[in-house]
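Take a look at the structure below.
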Amino acid sequence: MAGPKMTFSCFSDIPHLVHGVFFRRGGVSRPPFDSLNVGFSTGDDPAAVSENRNRILSWLRMPRAVFLHQVHGSEVLVLPRDETIDPDRFWAPGHPATGTALTADAVVTDQTGLALVIQVADCQGVMLADPHKHVIANVHSGWRGSVANIIGRCVDIMIGRFGCDPQQILAGISPSLGPCCAEFIHYKQEIPQNLWQYKHPEKAVFDFWALSVDQLLAKGLILDHISGMNLCTRCRPDLFFSFRKEKTTGRFACAIGLLG
């Protein structure tokens, strides 16, 4: 686990792709946001968050990024390379985003030089890449996103909008609440009955890692093309931010981008 980030083996042989799941270490934020917090909504010093975001882009070797305003919904933002987007809505070192943040919980693009960044602290960041079509996506999937199958919606857009072949799509699932700690005491009111198959037989904990894999497989992805880090954020607050564990805490970055 050396360096500022972890990477997925499924993406390692793609020369035009950069990605990473960043540890909470290596930034400038003070406790309880120590130290690589990229979330402005946490109560952290905005100057520290800005510096942390700049460091993320530097480590990725990306000139700019999109940091979504995530709302635990099912909206997928599409940023095609032939469409002009207000540059003030992107983040760049020395030029922080000044426009209204783009609201969605997933984003798909074929643009180069643009990092797609998901901010999490127990939810899953799910990165997708079609190395043949040069299309990437990043998904913020908490339990509400899992219920809405935002992962499947994102794959549908990659297929329908960009002509991706699901058997060519690679997927990486970030650390998040594991089947050890994803407890939902009121699951009968929160989680549809068709998803109770992912519940532990004796405890009110759910395996959302398995659910995400099944949602990807249902869209035609190949099991060998799906990588999971299988690290529980609540169990490893030394490495990652965890809202379930700490309540007042930061957000770590899950990022993917296409080199120009």
Output for the range 193-232, where each listed residue is in contact with a helix residue (DSSP H, G or I) (Cβ under 8 Å, 6 or more places away or on another chain), part of a loop (DSSP other than H, G, I, E, B) and under 13 Å from GLU183 (Cα atoms): ALA204, ASP207
statement: Out of (1) out of contact with any Phe, Trp or Tyr (no Cβ under 8 Å at 6 or more places or on another chain); (2) surrounded by 15 or more Cβ atoms within 10 Å (Cβ to Cβ); (3) part of a loop (DSSP other than H, G, I, E, B), the one SER50 does not meet is (3)
field: Extreme residue, farthest from LEU211 (Cα to Cα), among residues of the range 143-160 that are in contact with a helix residue (DSSP H, G or I) (Cβ under 9 Å, 6 or more places away or on another chain) and surrounded by 21 or more Cβ atoms within 10 Å (Cβ to Cβ)
entry: MET158
query: Mind checking whether some residue in the range 163-184 is within 25 Å of ARG236 (Cβ to Cβ), of a type outside the set (D, E, K, R) and more than 20 Å from the chain's Cα centre (by Cα)?
result: yes
message: Scan the range 99-117 and tell me whether some residue there is at pLDDT 95 or above, in contact with an Asp or Glu (Cβ under 7 Å, 6 or more places away or on another chain), among the β-branched types (Val, Ile, Thr) and more than 30 Å from SER35 (Cβ to Cβ).
response: no
query: Between residues in the range 11-22 that are in contact (Cβ under 8 Å) with a residue 12 or more places away in the chain and residues that are part of a strand (DSSP E or B) and charged (D, E, K, R), which pairs lie under 9 Å by C-beta distance while being six or more apart or on different chains?
result: HIS19/LYS5; GLY20/LYS5; VAL21/LYS5; PHE22/LYS5
message: Six or more apart or on different chains, Cβ atoms under 6 Å: show the pairs whose first residue is in the range 185-213 and of a type outside the set (Val, Ile, Thr) and whose second is surrounded by fewer than 13 Cβ atoms within 10 Å (Cβ to Cβ).
response: ALA204/ILE185
- request: Quickly run through the range 15-31 and pick out the residues that are among the hydrophobic types (A, V, I, L, M, F, W, C) and within 15 Å of the chain's Cα centre (by Cα).
  value: VAL18, VAL21, PHE22, PHE23
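Taking ASP122 as the residue in question, decide whether it is acidic (Asp, Glu), under 19 Å from SER41 (Cα atoms) and without any contact (Cβ under 8 Å) to a residue 60 or more places away in the chain.
Working: acidic (Asp, Glu): yes; under 19 Å from SER41 (Cα atoms): yes; without any contact (Cβ under 8 Å) to a residue 60 or more places away in the chain: no.
For ASP122, the condition - acidic (Asp, Glu), under 19 Å from SER41 (Cα atoms) and without any contact (Cβ under 8 Å) to a residue 60 or more places away in the chain - is not met.
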query: For ASP110, all conditions in the list (1) closer than 28 Å to ARG30 by Cβ; (2) in contact with a Pro (Cβ under 7 Å, 6 or more places away or on another chain) hold save one; what is the number of the exception?
result: (1)
message: List pairs: first residue in the range 46-63 and more than 10 Å from ALA255 (Cβ to Cβ) and without any contact (Cβ under 8 Å) to a residue 24 or more places away in the chain, second residue surrounded by fewer than 20 Cβ atoms within 10 Å (Cβ to Cβ) and not hydroxyl-bearing (Ser, Thr, Tyr) anywhere in the structure, Cβ distance under 6 angstrom, at least six positions apart or on different chains.
response: ALA48/VAL28; VAL49/PHE40
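Just one of GLN197, GLN215 is farther than 15 Å from VAL126 by Cβ and among the polar types (S, T, N, Q); which is it?
Within the list GLN197, GLN215, the selection yields GLN197.
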- request: Report, ordered by the first and then the second residue, all pairs with beta carbons closer than 9 Å, sequence separation of six or more or different chains, a first member in the range 214-232 that is over 16 Å from TYR198 (Cα atoms), and a second member that is small (Gly, Ala, Ser) and part of a helix (DSSP H, G or I).
  value: LYS219/GLY152; ILE226/SER212; SER227/SER9; GLY228/SER212
- prompt: Any chance the range 172-181 includes a residue that's over 24 Å from VAL117 (Cβ atoms) and either out of contact with any Asp or Glu (no Cβ under 9 Å at 6 or more places or on another chain) or aliphatic (A, V, I, L, M) (or both)?
  reply: yes
query: Of the residues that sit in the range 126-139 and are surrounded by fewer than 24 Cβ atoms within 10 Å (Cβ to Cβ) and not charged (D, E, K, R), which one is nearest to SER227 (Cα to Cα)?
result: PRO131
field: Residue list for the range 1-30, restricted to those being small (Gly, Ala, Ser) and out of contact with any helix residue (DSSP H, G or I) (no Cβ under 8 Å at 6 or more places or on another chain)
entry: ALA2, GLY3, SER9, SER12
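The values are calculated or read from the model by the stated rules, or taken from the named source; none is laboratory data. Being a predicted model, the structure only gives us computed values, none of them experimental. For neighbour counting, all protein chains shown are included, and Cβ atoms are generated from backbone atoms with ideal geometry for every residue, glycine included.
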